[in-house]
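Let me begin by presenting the structure, written as structure tokens, before commenting on it.
The values are calculated or read from the model by the stated rules, or taken from the named source; none is laboratory data. What you are looking at is a predicted structure, and each value in this text was computed from that prediction instead of being measured. Virtual Cβ from ideal backbone geometry, glycine too; neighbours counted across all protein chains shown.
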Amino acid sequence: RANLSFLASDALEGRSTPSPGQAIAAEFIISRFRLAHLEPAANGGFCQMAEFGQLTPAEGGTVTVTSRGEKVKVTGDHFSLRGAEAVNLDRVPMVRVKNGAALPAGAQGKALLIEASMPAEQRAKLMAAKPAVLVTVFTGERRTHEGARITDLDEAAQHATPRLSLWGDEGRRALDAEDATLTVHVAAPAMTRIRACNVAGVLPGSDPVLKNEYVLVSAHYDHLALASAGTDRIFNGANDDGSGTVSVIEIARALSALPVKPRRSILFMTFTGEELGLLGSRYYAKHPLVPLERTVAQLNLEQLGRTNPQEGFAAGALTFTGFDFTDLPRTFESVAAAAGVRVFSTKDSDSYFARSDNQPLADAGVPSSTVAVAYTFPDYHAVSDEWRKIEFPNMAKVDQAIAAGILAIADRAAPPQWSSDARTERYRQAYLRLHPAEPTH
């Protein structure tokens, strides 16, 4: 309670990436890692400085949709372009792609018109086909104007597919156009390098062999900064994900205090930049502090402080994203039951798998999942997500169950595995690239 009331206080002004409030939060977490007697895990310190690119859009530019000889010129107030380079396209054919539809033939070099609700995995497949641009139309009026945004340096440096958004009547006309072509001329954004801290501490294992393997326990400590208007403008982020952050701290303290330490080493981390697109964990997956091939599992903790009975998330229970993707939930079931906590699956577990910091480690092949009490709660991404609404007795009980599950993974001889399932094929292939001598499971 004391830790969360500070991290989610108004004084930290929403812990945006990067910001003075987030830097204070990082120093606070480091102090708690020291108090738990963790060892520094980041080149002699507790802070892995992750580098990102801040892209500031160029002013001006033109967007024109041509259909059957009629030109619709989209004004600057009704479009925005996300990309790292200048975009100069002339009369590129537009192809509509619906959610769940197969990749259209000849997608390369075309403007693909997609729905705003398109799943991330389908969107990634479209981008892999190297279209000229992805176009999303919003039928309502534009409410905000995109300023500088932060992205990973790979996107800032490479030829990532630009994404064009259209709004209002001009957008609707583009949406209704048939046999349309798209012309776009927008200058490159300005790019500035920035840095933010992934906090990392390690509890060394006690087994002479298994101590060279690691269980990664993580959460994200960033949030959404300030609202543009209102009496209360601070996004405190108590449950999202202050609850996961203080749980990492508390579990580190509890496991460090055991008279016999876990057999495997445990790497405790709090990531920056999750709210901006998993930036901190994506950076870590590319710049790991311990070898990924020796990282046997990742347990990412998110939204542990609020139940939501109306959506089926009751007290005394926890769930996993991608519930059937690994054997992690099965490992937790018996030890969690001993702590009075039920491990349950939901119909939405697969869809939430890619929405938190487990995803970059899963892409790298590490058996990973996010542990949560509820995927949704009434104050999600609202200024009303405050620490006084946290259900502390239930969170403490859940943390005990999570700590027991982490200990079971750290102590058992066999490491966690991906399930033999079509949904996990790409993760199993990534796992085999990390462990080329091991058979498939």
If you scan segment 37-58, which residues turn out to be modelled with pLDDT under 90 and over 20 Å from residue 193 (Cα atoms)? 43
Is segment 69-92 home to any residue that is of a type outside the set (A, V, I, L, M, F, W, C), surrounded by 13 or more Cβ atoms within 10 Å (Cβ to Cβ) and touching a Phe, Trp or Tyr at 6+ places or on another chain (Cβ under 8 Å)? yes
Return the residues of segment 269-291 that are touching a helix residue (DSSP H, G or I) at 6+ places or on another chain (Cβ under 9 Å) and within 17 Å of residue 26 (Cβ to Cβ); say none if nothing qualifies. 269, 270, 271, 272, 273, 274, 275, 280, 281, 283, 284
Please tell me if residue 410 is in contact with a Pro (Cβ under 9 Å, 6 or more places away or on another chain) and either of a type in the set (Gly, Ala, Ser) or assigned by TED's automatic domain parsing to the domain that holds residue 211 (or both). yes
Is it the case that some residue within segment 383-399 is in the same structural domain as residue 7 (by TED's automatic domain parsing), assigned to a loop (DSSP other than H, G, I, E, B), surrounded by fewer than 14 Cβ atoms within 10 Å (Cβ to Cβ) and polar (S, T, N, Q)? yes
Picking from 38, 12, 7, which residue would you name as being buried (at least 22 other Cβ atoms within 10 Å of the Cβ), closer than 18 Å to residue 266 by Cα, among the aliphatic types (A, V, I, L, M) and not assigned by TED's automatic domain parsing to the domain that holds residue 149? 38
In segment 214-235, what count of residues is obtained for those that are in a loop (DSSP other than H, G, I, E, B) and either within 24 Å of the chain's Cα centre (by Cα) or outside the structural domain of residue 380 (by TED's automatic domain parsing) (or both)? 9
Confirm whether residue 414 is modelled with pLDDT of 95 or more and surrounded by fewer than 14 Cβ atoms within 10 Å (Cβ to Cβ). yes
Check segment 160-171 and report whether any residue there is outside any strand (DSSP E or B), touching a helix residue (DSSP H, G or I) at 6+ places or on another chain (Cβ under 6 Å), at pLDDT below 95 and closer than 27 Å to residue 51 by Cα. yes
Would segment 177-190 turn up any residue that is assigned to a helix (DSSP H, G or I) and either in the same structural domain as residue 272 (by TED's automatic domain parsing) or buried (at least 24 other Cβ atoms within 10 Å of the Cβ) (or both)? no
List the pairs whose first member sits in segment 98-114 and is at positive phi, whose second member is assigned to a loop (DSSP other than H, G, I, E, B), and whose Cβ atoms are under 8 Å apart, counting only residues at least 6 apart or on separate chains? 109/130; 109/131; 109/132
Test for residue 205: is it surrounded by 20 or more Cβ atoms within 10 Å (Cβ to Cβ) and touching a His at 6+ places or on another chain (Cβ under 9 Å): no
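Here's the yes/no breakdown for (1) in contact with a strand residue (DSSP E or B) (Cβ under 8 Å, 6 or more places away or on another chain); (2) closer than 30 Å to residue 423 by Cα; (3) of a type in the set (Asp, Glu):
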{"site": "333", "(1), (2), (3)": "yes, yes, yes"}
{"site": "342", "(1), (2), (3)": "yes, yes, no"}
{"site": "371", "(1), (2), (3)": "yes, yes, no"}
{"site": "381", "(1), (2), (3)": "no, yes, no"}
{"site": "389", "(1), (2), (3)": "no, no, no"}
Has segment 22-43 got at least one residue that is of a type in the set (S, T, N, Q) and within 20 Å of residue 251 (Cβ to Cβ)? yes
Out of everything in segment 353-382 that is among the charged types (D, E, K, R) and within 21 Å of residue 224 (Cα to Cα), what residue ends up being surrounded by the most Cβ atoms within 10 Å (Cβ to Cβ)? 357
